[in-house]
Amino acid sequence: MQNFRSIHLIYLIILGICCSNTAFSQEKGVAYGNDDRPMVFIGGNSFIMGNNDYEDEMPAHRVLLSDYYIDQYEVSILDYQLYIAETKKEIPKHGAGIIPILNKVPLFYKEPDLFQLRIGKNFMNTGQFRKLLDSMNYSPYKWASGNPDEEPAYISAKDVEFVLTLHPDYTVEAVKDVWMFNVNPDYPVVSVSWRQALNYCRHYGKRLPTEAEWEYAASGGIQKVKYPWGDESPTGKAAYRTPDVTRSRPETVGSFDPNDFGVYDMAGNVWEWVADWYSETFYLETYREGLQVKNPYNNVITGEKVIRGGGWTSVAEDLRVTNRNHRAPNKPKLNIGFRCAVTVK
């Protein structure tokens with residue numbers, strides 16, 4: 001994963017689950033969309049969706065999907081930080097420090113005592129400041145920036161004191177209300193609402209995957225597989241909770257091996273929002289014996305959206321490919337993130 005990527009500016013409006021004409025560049029079998037994030041091509045196919053052993057997963061039924069792309073990785077904190085910087089959209093609730101995470105350190109927070117360094121008449125930018133600190137072997141607060149040679153540099157009072165000791169010719173100016181970023185940028189972003197996740201995808205000409213697309217991508221194309229990698233235990237294959245291990249955080253995206261489609265983290269790490277409204281009986285309502293359902297998508301408002309895949313707080317049972325869960329779309333949670341999809345026109 002690249003820590004710093006350029007952003008291709010594009011503002012597209014998409015309706016429902018349809019997608020606009022997203023431009024792709026091909027590299028080693030992986031497509032890159034408007035946000036420069038890798039996507040995996042999933043060829044349209046027929047597969048058995050659901051599981052007859054679980055009430056809201058029955059009946060197991062045949063589904064036919066059209067071609068689509070799906071993000072190779074869950075959307076990371078850095079991805080979302082770049083999106084916020086570009087669009088000035090609302091920061092997720094944990095940004096206000098209301099919901100702490102990762103050993104009680106918020107993902108975003110307001111640093112109350114920040115300064116900018118001035119060189120003559122010009123403020124130092126982030127790229128210059130990083131080079132300065134690298135030469136001193138000194139690490140201040142981290143500021144995620146898509147373009148470090150243009151973004152301003154911000155430092156705390158203790159950093160100012162240290163830098164001015166070595167460079168007394170610099171001047172400083174206090175700033176207010178700057179949002180900072182204080183965890184590994186390659187963790188999956190969490191605490192985003194369903195609408196925030198959808199808006200992120202739409203901004204880059206994408207959408208959220210349907211529940212059926214998500215399940216097929218998770219299966220790696222293997223029929224009746226329990227987990228994305230097969231039927232073996234999740235031990236060492238995903239970030240989840242066991243009787244012996246209670247996690248305090250997810251892992252960085254892509255920390256475990258991908259499935260046969262080359263998609264990462266389809267089990268564990270974070271639950272993922274999908275497009276569909278949740279209905280316990282949706283499979284039964286769309287099932288017709290002897291026929292296959294084409295591109296199913298539940299757009300009937302029920303009050304809760306489907307989440308898939310299990311998360312770092314989940315037990316192994318939640319990591320099953322066919323497992324369904326649900327959450328009110330306006331109620332983000334510390335263990336729910338997302339990834340995007342694109343229809344192939």
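How many residues are within 16 Å of S76 (Cβ to Cβ), of a type outside the set (G, A, S) and buried (at least 23 other Cβ atoms within 10 Å of the Cβ) when one looks only at region 218-262?
2
Return a yes/no flag: does region 278-298 have any residue that is within 16 Å of S76 (Cα to Cα) and in contact (Cβ under 8 Å) with a residue 40 or more places away in the chain.
Checking region 278-298: not a single residue is within 16 Å of S76 (Cα to Cα) and in contact (Cβ under 8 Å) with a residue 40 or more places away in the chain.
Quick one: in region 83-129, of everything that is within 30 Å of Y170 (Cα to Cα) and not assigned by TED's automatic domain parsing to the domain that holds Y154, which residue is modelled with the highest pLDDT? Let's see the steps before the verdict.
We begin by selecting, within region 83-129, every residue within 30 Å of Y170 (Cα to Cα); these are 85-86, 108-129.
Subset that is not assigned by TED's automatic domain parsing to the domain that holds Y154: 85-86.
Working: A85: 74, E86: 82.
Step by step, filter region 83-129, then rank; the result is E86.
Given the structure, is W277 in contact with a Gly (Cβ under 9 Å, 6 or more places away or on another chain), surrounded by fewer than 21 Cβ atoms within 10 Å (Cβ to Cβ) and modelled with pLDDT of 95 or more? It would help to see each step written out before you state the result.
Numbers: in contact with a Gly (Cβ under 9 Å, 6 or more places away or on another chain): yes; surrounded by fewer than 21 Cβ atoms within 10 Å (Cβ to Cβ): yes; modelled with pLDDT of 95 or more: yes.
Criteria met by W277.
Consider G303 against the criteria (1) surrounded by 15 or more Cβ atoms within 10 Å (Cβ to Cβ); (2) at pLDDT 95 or above: it satisfies all of them except one. Which criterion is unmet?
The failed condition is (1).
For region 298-345, list the strands (runs of 3 or more DSSP E) that sit wholly inside it and hold at least 3 residues that are closer than 22 Å to Y69 by Cβ; which are they? It would help to see each step written out before you state the result.
On the way: elements: 305-308, 325-327, 341-343.
In region 298-345, 305-308, 341-343 are the strands (runs of 3 or more DSSP E) which contain 3 or more residues that are closer than 22 Å to Y69 by Cβ.
Do we have A316 as at pLDDT 95 or above, small (G, A, S) and over 19 Å from the mean Cα position of the chain (by Cα) here?
On the way: at pLDDT 95 or above: yes; small (G, A, S): yes; over 19 Å from the mean Cα position of the chain (by Cα): yes.
Criteria met by A316.
Which one is modelled with the lowest pLDDT, of the residues in region 198-237 that are among the hydroxyl-bearing types (S, T, Y), closer than 24 Å to D67 by Cβ and in contact with a Leu (Cβ under 9 Å, 6 or more places away or on another chain)?
Of region 198-237, the ones among the hydroxyl-bearing types (S, T, Y) are 200, 204, 210, 216, 219, 227, 233, 235.
With the extra rule that they be closer than 24 Å to D67 by Cβ, the set shrinks to 200, 204, 210, 216, 219.
Narrowing further to those that are in contact with a Leu (Cβ under 9 Å, 6 or more places away or on another chain): 204, 210, 216.
On the way: Y204: 95, T210: 98, Y216: 98.
My answer is Y204.
Can you give me the ranges of the helices (runs of 4 or more DSSP H) entirely in region 154-259 with at least 1 residues that are farther than 19 Å from L82 by Cα and among the aromatic types (F, W, Y)?
On the way: elements: 157-166, 194-203, 211-219.
Fully inside region 154-259 and qualifying: 157-166, 211-219.
Going by what's in this entry, would F256 be described as touching an Asp or Glu at 6+ places or on another chain (Cβ under 8 Å), at pLDDT 95 or above and among the hydrophobic types (A, V, I, L, M, F, W, C)?
Working: touching an Asp or Glu at 6+ places or on another chain (Cβ under 8 Å): yes; at pLDDT 95 or above: yes; among the hydrophobic types (A, V, I, L, M, F, W, C): yes.
Yes: the conditions hold for F256.
The values are calculated or read from the model by the stated rules, or taken from the named source; none is laboratory data. Please read all numbers here as calculations on a predicted model, not as lab measurements. Neighbour counts run over all protein chains shown; Cβ positions are idealised from the backbone, glycine included.
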